[in-house]
Each structure stands twice: as C-alpha cells, then as structure tokens.
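Structure in structure tokens, see below.
The values are calculated or read from the model by the stated rules, or taken from the named source; none is laboratory data. On a predicted model such as this, the values are computed, not experimentally measured, just so you know. Don't worry about glycine lacking a Cβ; one is built from the backbone with ideal geometry, like all the others, and counts go over all protein chains shown. For accessibility, only protein heavy atoms count, side chains too; no ligands or nucleic acids. Shrake-Rupley method; radii C 1.70, N 1.55, O 1.52, S 1.80 Å.
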Amino acid sequence: MGTKIDEDKKQRFLMMMQEKGMNQSQGIEYAIDRILGGEEDVQSPEQRPYTYEAKTYDEPNNTDDMEEYSEWEEDDQPAKRDELVTSGYDDIDPVFPNNPIRSEQLECEIRNAWRAASQDTSAAPEVIFLEELSERCLKLANAREEYTCPAVDIALPDRIVELVEIIAKDAFQESSTGEASEVLDIMANLAESKAARMYNSTRKVEISFSRNDWRLIDRMIARENRTRSKESKINGLRELIYEFLSAKVKERSASGFFSSSDRDMIQFAEGLQKIAITGENRNYE
C-alpha cells in the first residue's frame with residue numbers, strides 16, 4: 001500500500017505511533033482497523049470541514065524544469081546495467097554500529113547479493129540485487145552470531161550503496177526495538193517491496209490511439225455489451241484486454257500450449273476474468 005505523503009505529515013504520524021508504542025507498519029494497520037471498524041469517519045478532501053497545507057508540483061513548462069519534476073517518477077526506475085558498471089564505487093558504513101559482528105555479516109551478504117545480481121541478466125541488476133538482499137537479510141535475521149558469510153571481493157556501485165542506506169534508514173524508523181534481527185526482517189520486506197515496484201516499472205506497456213481510433217474502440221465495446229448481461233458488461237479497453245488475455249490463456253491451455261494441469265496458469269486466467277468483469281485493480285496497479 002505504497003503512497004507518497006507530505007514529509008511533515010509522515011513525521012507527525014510516526015511520533016504519534018511512537019507514543020502508542022507502535023512502529024510505522026503497526027501504526028498503519030491500527031489506522032486501517034479503526035477505519036474499517038467504523039471508529040473513524042472518512043471523508044474525501046472536498047468534504048472535510050478543515051484545510052491543510054500541502055505541497056503541489058506543477059507540470060514543467062520547459063525542459064529546464066523537467067529534471068526536477070521527473071525525480072518523483074524516477075525513484076522506482078532501476079538504473080541500466082552499463083550505468084551501474086561505469087558509476088563510481090563506495091564503501092558501505094556499518095549498519096549496526098553497536099553490533100559489529102552483524103554489520104560485517106550484513107556487508108558480506110550485500111556484496112554477495114551484488115555479485116549475484118551483476119551476473120544475472122534475467123532482469124535489471126537493481127531488481128535482482130534487491131531480491132537477493134531480501135532473502136539474505138531474512139536468513140541473517142534468524143542466523144546465530146557465529147554464522148559465517150562466504151567472503152567475496154567485489155566493489156559496490158554508489159547506487160547500490162545508496163539503496164542499502166535508504167532501506168536501512170527506513171527499517172530503523174519502522175523498528176520498535178532497533179534490534180538487529182527486527183531491523184533485518186524489516187529490511188527484507190522493504191527490499192522485496194521495492195524490487196517488485198522496480199520490476200513492474202520496467203514492464204509497463206503504453207498504448208496510444210488517435211481520437212478516431214478511440215471512437216471506434218468505444219463503438220466496438222458498445223456493440224460487444226449489447227449481447228452481455230448487466231453483470232458481465234465491459235467497462236472499457238482495459239477490461240477488454242484483460243478478458244482477451246483470460247480467454248487466450250484458457251484457450252491455449254485446452255489446446256496444450258500451456259499444460260492443462262498447470263493450476264497457476266488456470267488461476268491466472270480466472271483472476272484476469274474477474275478483473276475484466278469487476279474492473280478492480282491488482283495490488284500493484
């Protein structure tokens with residue numbers, strides 16, 4: 001449930017949750033439970049009897065403003081492989097200053113994660129690194145102190161060090177105890193979540209149509225809906241694409257293109273069909 005909010009508002013929220021003995025994740029769950037339980041009256045911004053000052057970001061009028069404006073969209077954009085290879089390199093500061101053993105083990109795992117990512121071409125290096133980091137943090141959180149990490153001599157690009165520092169900082173803010181095991185657990189979750197967002201950002205598909213094309217598409221959908229019941233009408237092109245994909249997956253499964261015993265593929269088709277009918281979003285959309 002990722003969202004960008006004003007920094008001042010975030011800090012006030014964290015302070016209130018800290019007073020209640022909660023970390024960020026617990027605080028968000030607490031707030032959601034109150035809303036779902038009817039203990040809080042939720043209104044849209046237009047209906048609220050009060051106002052608050054929020055930052056606004058105007059669309060740039062010229063190319064000079066473009067770089068600053070685009071920073072808000074680039075946070076989850078992974079760097080290209082050649083950009084990482086040719087970037088500067090940096091040393092990582094101890095994540096746990098009061099626990100040098102865990103810091104050394106974590107740094108070792110970070111270097112092993114980057115080595116694996118730099119050798120894997122199946123996705124963007126940052127995505128692979130974050131996935132590896134998530135698994136290694138989780139493993140280290142449950143490891144004994146005498147655990148030995150296989151040493152590897154590999155330099156860390158500035159961007160990778162930056163990612164680790166951001167994740168570690170956020171993990172400490174969410175942690176209620178500051179203990180290494182808890183921080184590592186949170187780091188694992190944050191790394192996995194950021195890896196998913198980065199991966200999705202590289203797989204987005206944009207389709208453009210002319211105004212006349214859109215009119216024809218609207219006409220096509222209207223004709224299709226004439227033969228459908230009220231519950232199964234298609235709301236728009238997005239739902240039509242999902243239904244088309246669902247039909248193709250089922251069709252190919254039956255013909256042997258996909259294994260008909262592949263339950264994951266069948267469930268995938270059923271999920272697409274549900275979206276086509278309801279118009280709902282998946283949690284990563």
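If a residue counts only when it is among the aliphatic types (A, V, I, L, M), at pLDDT 85 or above and out of contact with any Ser or Thr (no Cβ under 7 Å at 6 or more places or on another chain), which helices (runs of 4 or more DSSP H) contained entirely in the stretch 178-283 have at least 1 such residues?
Hits in the stretch 178-283: 180-202, 211-226.
Hey, another quick one. Sort through 171, 79 and tell me the only one that's under 23 Å from the mean Cα position of the chain (by Cα) and not in a helix (DSSP H, G or I).
79
In the list 152, 205, 161, which residue meets the criterion of being touching a strand residue (DSSP E or B) at 6+ places or on another chain (Cβ under 9 Å), closer than 24 Å to residue 121 by Cβ and not polar (S, T, N, Q)? Show your work before the answer.
Values: 152 fails: touching a strand residue (DSSP E or B) at 6+ places or on another chain (Cβ under 9 Å); 205 fails: touching a strand residue (DSSP E or B) at 6+ places or on another chain (Cβ under 9 Å).
Within the list 152, 205, 161, the selection yields 161.
Just the residues that are part of a helix (DSSP H, G or I), open to solvent by 90 Å² or more (accessible area, probe 1.4 Å) and closer than 19 Å to residue 162 by Cβ, please, taken from the stretch 86-121.
Within the stretch 86-121, 86, 115 qualify.
If you go through the stretch 182-222, how many residues are open to solvent by less than 50 Å² (accessible area, probe 1.4 Å), more than 20 Å from residue 276 (Cα to Cα) and touching a helix residue (DSSP H, G or I) at 6+ places or on another chain (Cβ under 6 Å)?
Here the count works out to 10.
Check 151, 168, 141, 155 and return the single one that is small (Gly, Ala, Ser), open to solvent by 30 Å² or more (accessible area, probe 1.4 Å) and in contact with a helix residue (DSSP H, G or I) (Cβ under 7 Å, 6 or more places away or on another chain). First the steps, then the outcome.
On the way: 168 fails: open to solvent by 30 Å² or more (accessible area, probe 1.4 Å); 141 fails: open to solvent by 30 Å² or more (accessible area, probe 1.4 Å); 155 fails: in contact with a helix residue (DSSP H, G or I) (Cβ under 7 Å, 6 or more places away or on another chain).
Exactly one residue qualifies, and that residue is 151.
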